[in-house]
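The values are calculated or read from the model by the stated rules, or taken from the named source; none is laboratory data. Since we're looking at a predicted model, the values are computed, not measured. Heads up, the Cβs are rebuilt from the backbone with ideal geometry, glycines too, and the neighbour counts pull from every protein chain shown.
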Amino acid sequence: MSSPDEVVMHTATPISPSYTQLIYDCNTGDLVSPGNLIQPAPGCDSWEINRYERPFNQGSQVDFFPDLDILQAELGQAGNWYFLRIALFDMRPDTSHPQGMYAIEMDLDMDGRGDVLVLVRNPGEDGSGDYKVTGVQVFKDSNDDVGNQLPLQPDLPYEGDSYDLIVFNQGIGSDPDLAWARAIPGKPAFVELAFKSALINNDVEFIWWVWADQGVDDPASFDYHDSFFHSDAGDVYQSQVYFPSNEIRELDNTCAALWGAPPSEDPSLCENDPNYSRPSPTPPGGRTGTPPSLVSSTPSNTPTRPSFENTWTPSPTPTRPSFEFTWTPSPTPTPTPTLTPTLPCGQFRPCTPPPPPPTTCVPGIPCNDRPTATITPTPTITPTPCAATVGCN
């Protein structure tokens, strides 16, 4: 039987992909012990926010599917093409290509509802490593009901049809060259998607995130936490009420990233997720390697592996990046009858025990470490610590 690529006449094929934006995802593979219960790192899975880290079977949670465990995703643009690359933990034993469904979901008007879903099932099945349209589909939501009545929140029951419009099906559509996919096997394995910017009306601002799925794989049921009650979906952590995982199983997705848009308070964004963490280059007890930069590239259409290896793992307990603040005192403060705090200290933790009232307070400098300010013509004044009602760093 002929494949869609053998039947459809193509005039435009994606070449020379490049990537400029990167999303990290939880690495569950490095936490797997064969035959034992799989527990993702804390904070990686939450039915409430439609974030899943479940690359394993439902119920016993002992069968790991390495080609469903997303390590990271990259997005880039070159000419009139967008390129996506998903890095997966590994291939399944005795397989030649990833076995799941892999997708990018995009929210074009940034209202919390996905608008476009580009997916591929069983990419690289022919073993060529070339871009193909076989298995590639593009869906749109024609009536804006992804996410039900309250986007970004579970509100059941869901009576909509979510992604109801197929605009591209393996080369069939108004543009037979609209979207493509290929796979590069190995550890890690890679799935790459390419689609024309015309698909998203040449938008330069949108929100995007990715999926790896074989357990649900139903574009008509997005968002999944609107289609499955919590008790039916199950939970992955032993301490949770609805443990173990049930109907929402054998899948993984990422937090979201802004493309070309200014910062937003959208809770689905990685930057607003307190559990989001960049992986450590050399985690204790984990695999080692050099993480890629935020701007990277891949070879041209020649099917070779990308130049970096994603061979590290996030810390079991994700942490937020730390920040350092520096304060430089003025050389000679202008004499005044009294010293007035330059900024309130309320955003810092209170002093213990309560010291005398403040005379000066600068955010980011611990009370006991603040420099002495010299004021002329009066004698040297040493700022006292903040009061208990005024916070200190």
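Structure data summary
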read-out	value
Sole residue being hydroxyl-bearing (Ser, Thr, Tyr) and farther than 30 Å from Gln39 by Cα, chosen from Ser239, Ser197	Ser197
Hits in the range 74-92 - residues which are acidic (Asp, Glu) and touching a Ser or Thr at 6+ places or on another chain (Cβ under 9 Å)	Glu74
Hey, Pro123 touching a helix residue (DSSP H, G or I) at 6+ places or on another chain (Cβ under 7 Å) and crowded, with 22+ Cβ neighbours inside 10 Å or not	no
Checking Arg85 against (1) basic (Lys, Arg); (2) farther than 29 Å from Thr11 by Cβ; (3) part of a strand (DSSP E or B), the condition it does not meet	(2)
Within the range 234-251, tally of residues that are part of a loop (DSSP other than H, G, I, E, B), within 11 Å of Arg54 (Cα to Cα) and aliphatic (A, V, I, L, M)	2
Some residue of the range 74-86 being buried (at least 24 other Cβ atoms within 10 Å of the Cβ) and in contact with a Lys or Arg (Cβ under 7 Å, 6 or more places away or on another chain)	yes
Asp145, sole failed condition from (1) closer than 20 Å to Lys187 by Cα; (2) out of contact with any helix residue (DSSP H, G or I) (no Cβ under 9 Å at 6 or more places or on another chain); (3) of a type in the set (Asp, Glu)	(1)
Hey, Gly76 out of contact with any helix residue (DSSP H, G or I) (no Cβ under 7 Å at 6 or more places or on another chain) and either among the polar types (S, T, N, Q) or part of a strand (DSSP E or B) (or both) or not	yes
Qualifying position, being within 16 Å of Thr13 (Cβ to Cβ) and within 19 Å of the chain's Cα centre (by Cα), among Leu193, Leu199, Leu178	Leu193
Any chance Ser245 is polar (S, T, N, Q), at pLDDT below 95 and farther than 23 Å from Phe139 by Cβ	no
